[in-house]
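Heads up: the structure comes next, in structure tokens.
The values are calculated or read from the model by the stated rules, or taken from the named source; none is laboratory data. Keep in mind it's a predicted model, so treat the numbers as computed, not measured. FYI the Cβ positions are ideal-geometry reconstructions off the backbone, even for glycines, and counts take in every protein chain you see.
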Amino acid sequence: MKSENSPKREMTKLTRRGLIWGLAYISGIFGIFRFLDKSPNAKGITQPFRKAQGLNEKLWEKLFSPSRRVPEYSKDRVTPERFNETIGMEEDLDPDSWKLLVEGVHGASKPVIELTMKDILAMPVTEMTTEFFCIEGWSVIQTWKGVLMRDFMNRYPPDTLSGKKPDLVNAAQDLVPYVAMTTPNENYFVGLDMGSVIHAQTMLCYEMNGQPLTEEHGAPLRLVIPVKYGVKNIKRLGKIQYRKDRPADYWAQQGYDWYAGL
């Protein structure tokens, strides 16, 4: 007479148990997909994913520090150039007619200030070699030369929430919380948090690896913001707006993370 605990009987129990768990797992996955499929859309993606992105954004904002620098490298670490996307640069560039518009400047006598490359080149110069991260997964190390946003904003400061004189160092929390940047034709646009804009390495760049920017890399002026993925590093910059309200962002409208911090 065979024992009830024979290997064959135990194997049958395990097989049945595995089948039950497998069916439960499949049912759970199906339920999740059905839930996501029925969830309302929230700015390009389903609401649960958008909420998850919001939580992720709050976490990185808590961890972020405008004074904590990203790694910098010696120039012999520079890697071959890469470029991605020409959105916002569809027209041929005319350097002589290019202007940078700045809005929301504290104490300005007019709502929009127009700057030329001569104005940009007259500001303090900074050079740095940092890593550029594309959201697609690749990265390059490049040398950038231009004007730090901190230096630019000392000359063209943003409005404050209190109306008091801006203090980028001691009262950054009183600055309006957002910055919008667009290309001259406004086909590409990014929204940025003020903390990242006043980061110690955020730059308005006009040279790359010892040469003036090429058109494909954003001539005559682009943003280099090492604490953000490449989607925020807008090329062929045409307008800067200091704002109280959160600006629209090209890729966030396609379902990507608005914050896009590293």
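Tabulated results
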| read-out | value |
| --- | --- |
| Criterion violated by residue 179 - all others in (1) touching a helix residue (DSSP H, G or I) at 6+ places or on another chain (Cβ under 8 Å); (2) assigned to a strand (DSSP E or B); (3) within 27 Å of residue 74 (Cα to Cα) satisfied | (3) |
| Residue 147 vs. criteria closer than 23 Å to residue 205 by Cα and either touching a helix residue (DSSP H, G or I) at 6+ places or on another chain (Cβ under 6 Å) or in a strand (DSSP E or B) (or both) | yes |
| Qualifying position, being in a strand (DSSP E or B) and surrounded by fewer than 17 Cβ atoms within 10 Å (Cβ to Cβ), among 136, 114, 90, 85 | 114 |
| Residue within the stretch 197-209 that is touching a strand residue (DSSP E or B) at 6+ places or on another chain (Cβ under 9 Å), surrounded by fewer than 17 Cβ atoms within 10 Å (Cβ to Cβ) and part of a strand (DSSP E or B) present | yes |
| Any hit, the stretch 237-249, residues being in contact with a helix residue (DSSP H, G or I) (Cβ under 7 Å, 6 or more places away or on another chain) and either of a type outside the set (Ser, Thr, Tyr) or closer than 22 Å to residue 92 by Cα (or both) | no |
| Matching option when the condition is closer than 25 Å to residue 82 by Cβ and either among the aliphatic types (A, V, I, L, M) or outside any strand (DSSP E or B) (or both), among 185, 170 | 185 |
| Any hit, the stretch 252-260, residues being farther than 21 Å from residue 88 by Cβ, surrounded by fewer than 20 Cβ atoms within 10 Å (Cβ to Cβ) and not β-branched (Val, Ile, Thr) | no |
| Test result for residue 171, surrounded by fewer than 21 Cβ atoms within 10 Å (Cβ to Cβ), more than 21 Å from residue 124 (Cβ to Cβ), hydrophobic (A, V, I, L, M, F, W, C) and touching a residue at least 40 places away in the same chain (Cβ under 8 Å) | no |
| Residue that is nearest to residue 211 (Cα to Cα), among those in the stretch 127-152 that are within 16 Å of the chain's Cα centre (by Cα) and of a type in the set (A, V, I, L, M, F, W, C) | 132 |
| Per-region count, the stretch 150-167, residues more than 26 Å from residue 128 (Cα to Cα), in a strand (DSSP E or B) and in contact with a Lys or Arg (Cβ under 9 Å, 6 or more places away or on another chain) | 0 |
| Qualifying residue in the stretch 236-258 (condition: part of a loop (DSSP other than H, G, I, E, B), touching a Gly at 6+ places or on another chain (Cβ under 9 Å), modelled with pLDDT of 95 or more and acidic (Asp, Glu)) | yes |
| Pairs, first touching a residue at least 40 places away in the same chain (Cβ under 8 Å) and within 19 Å of residue 224 (Cα to Cα) in the stretch 242-262, second basic (Lys, Arg) and not in a loop (DSSP other than H, G, I, E, B), C-beta under 7 Å, six or more apart | 260/228; 260/232; 261/228; 262/228 |
